[in-house]
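The values are calculated or read from the model by the stated rules, or taken from the named source; none is laboratory data. Please read these numbers as outputs of a predicted model, since none were measured by experiment. Because the Cβ atoms are built from the backbone with ideal geometry, glycine has one as well, and the counts that use them run over all protein chains shown.
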Amino acid sequence: MNNSTVTLDKIVALCKRKGFVYQSSTIYGGLNGVYDFGHLGTLLKKNIRTAWLKSINATFDDILEFEGSLLGPHDVWQASGHVENFSDPMVDCLNCKHRFRADEMDLTKPCPNCGQTKWTEIRQFNLMFKTQIGAIANDDKSSIAYLRPETAQPIFINFKNFISTYRVKIPFGVSQMGKSFRNEITPKQFLFRTREFEQMEIEWFCKEETALQDFQTWCDSRRQFYSNLGLNMEKIRFREQDEDERAHYSKRCTDVEYEFPFGYKEIEGIAYRGNYDLTQHSKFSGKDLSVFDEETKQTYTPHVVECSVGIDRLLLTLLFDAYHEDVVEDEVRIVLKLHPQMAPIKAAFFPLVKKLNEPMLKIFKDIKRKGYEVEFDESASIGKRYRRQDEIGTPLCFTYDFDSETDNCVTVRNRDTTLQERIRIDAIEDYIKKTLNKE
Ligand code: ATP
């Protein structure tokens, strides 16, 4: 059993075939770098969010949840430095007009699209989506707004609200999951680099004295998170950024990287940001964002450790990691070996033949009403039904047969081992629970 055969094309095809992810607006030709999530993709994302929140709250006490606005005024993004600096270098081919990220190109070589070597000058392209607020369009800065390119800034500008409404004391954290938007020059590798994506971020406000230690605690906690997701930890590495890679205000920065078939790539950034963000917003807004330390009787501006991971990129990582092809009964089967807690569907229920639908439907509905994501499938051979569930990562399949009528048992089949055993109908829920809670 291995997943060395996994390619981006196979993952894209699987996502489309099984309804995890659809290219957005396809009936109108598609929107590049933007995706819609189908039933299974949505369930998988929900499981990722749940696991993330659990892990964040297991790290430290005093974590608040937050949902900031997607639109922010010009002033916010000017203070954060995004208006001036949030850009990538761009270059165009003068012949075919194709546009590329200049830092990903060797400009001494021909254009990969048309084969000519005629380039424009390199220009900086700001990645923020800019829009106008209100009915009167004018150049007045007060009517300019941006879709947020990261979730962090709405947290920083609400810092005083957290202190005054929840009476939290340093250290505390604010977690947020939500959409971010970046007008990427070249969206690519499917969900890896998109123009609309979702982030899960924690901003941990602390004193300067504990910041480096807290940074380490967060790094350890994030490692545990990836291990709990069931990822192959041999493919995960924590790479400390060099000084010249880091933003000038950042004192430490570690990228969590996964080994995709297209190389090691960042899935999460963990950064010690100093007190840059609160200081900038204090300066630009004119509002004091410092706090009073009861112990030392001094005011200070808290420091921040940030962990930021993209859900879409993590979903893609989980699919790459889980994708396996093996041979069962002389046939190649595709199986997603997702951790049971991540699997979108936890169990499937099959009547051996349609004549047995009724008793199996009753069992299925009973489990569904208890809040489990489950499926009922009555069509095609049992072998085919197993394959369908394997492909979407369902850990357990239960089959009701003629013996069930008298022995009150069903056959349960395990996704990974393909082994089957007979269990009592009234033990089904416990069996599912046990599977979900397995390490
Ligand atoms: P990259 O260098 O890959 O563009 P970044 O360093 O700009 O990433 P951050 O600003 O640190 O990314 O964002 C934190 C996380 O948000 C990333 O680790 C990634 O998981 C996710 N993310 C960032 N940009 C995108 C994107 N365009 N599409 C999908 N996810 C993204």
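Would you mind listing the strands (runs of 3 or more DSSP E) fully within region 313-384 where at least 2 residues are more than 16 Å from the ligand (Cβ to nearest atom) and buried (at least 20 other Cβ atoms within 10 Å of the Cβ)?
331-336, 347-351
Tell me whether region 161-168 contains one or more residues that are surrounded by fewer than 17 Cβ atoms within 10 Å (Cβ to Cβ) and either near the ligand (Cβ under 10 Å from one of its atoms) or not in a helix (DSSP H, G or I) (or both).
There is at least one residue in region 161-168 that is surrounded by fewer than 17 Cβ atoms within 10 Å (Cβ to Cβ) and either near the ligand (Cβ under 10 Å from one of its atoms) or not in a helix (DSSP H, G or I) (or both).
Restricting attention to region 169-196, report how many residues are over 25 Å from Met105 (Cα atoms) and within 9 Å of the ligand (Cβ to nearest atom).
The qualifying residues number 1.
Any idea which residue in region 234-281 is nearest to Phe86 (Cα to Cα), counting only those that are polar (S, T, N, Q) and in contact with a strand residue (DSSP E or B) (Cβ under 9 Å, 6 or more places away or on another chain)?
The selected residue is Ser250.
Being within 16 Å of the ligand (Cβ to nearest atom) and part of a strand (DSSP E or B) is the filter; apply it to region 198-217 and report the residue that is farthest from Tyr300 (Cα to Cα).
Glu198
Check Glu295 against each of (1) in a loop (DSSP other than H, G, I, E, B); (2) at pLDDT 95 or above; (3) more than 22 Å from Trp52 (Cα to Cα) and name the one condition it does not meet.
With respect to (1) in a loop (DSSP other than H, G, I, E, B); (2) at pLDDT 95 or above; (3) more than 22 Å from Trp52 (Cα to Cα), Glu295 is out only on (2).
Name the one entry in Tyr372, Tyr400, Tyr431 that is among the hydroxyl-bearing types (Ser, Thr, Tyr) and under 23 Å from Gly41 (Cα atoms).
Selected residue: Tyr372, the only one of Tyr372, Tyr400, Tyr431 that is among the hydroxyl-bearing types (Ser, Thr, Tyr) and under 23 Å from Gly41 (Cα atoms).
What number of residues within region 391-426 satisfy the criterion of being surrounded by 14 or more Cβ atoms within 10 Å (Cβ to Cβ) and under 19 Å from Pro351 (Cβ atoms)?
15
Return yes when Thr254 is part of a helix (DSSP H, G or I) and more than 19 Å from Ile48 (Cα to Cα) and no when it is not.
In short, no.
Between residues in region 259-274 that are more than 12 Å from Arg237 (Cβ to Cβ) and more than 7 Å from the ligand (Cβ to nearest atom) and residues that are of a type in the set (Gly, Ala, Ser) and not in a loop (DSSP other than H, G, I, E, B), which pairs lie under 7 Å by C-beta distance while being six or more apart or on different chains?
What qualifies is Tyr272/Ala211.
So is Ser142 part of a helix (DSSP H, G or I), hydroxyl-bearing (Ser, Thr, Tyr), in contact (Cβ under 8 Å) with a residue 12 or more places away in the chain and more than 15 Å from the ligand (Cβ to nearest atom) or not?
So Ser142 fits the description; yes.
Evaluate the following for Thr5: is it surrounded by fewer than 18 Cβ atoms within 10 Å (Cβ to Cβ) and assigned to a helix (DSSP H, G or I)?
no
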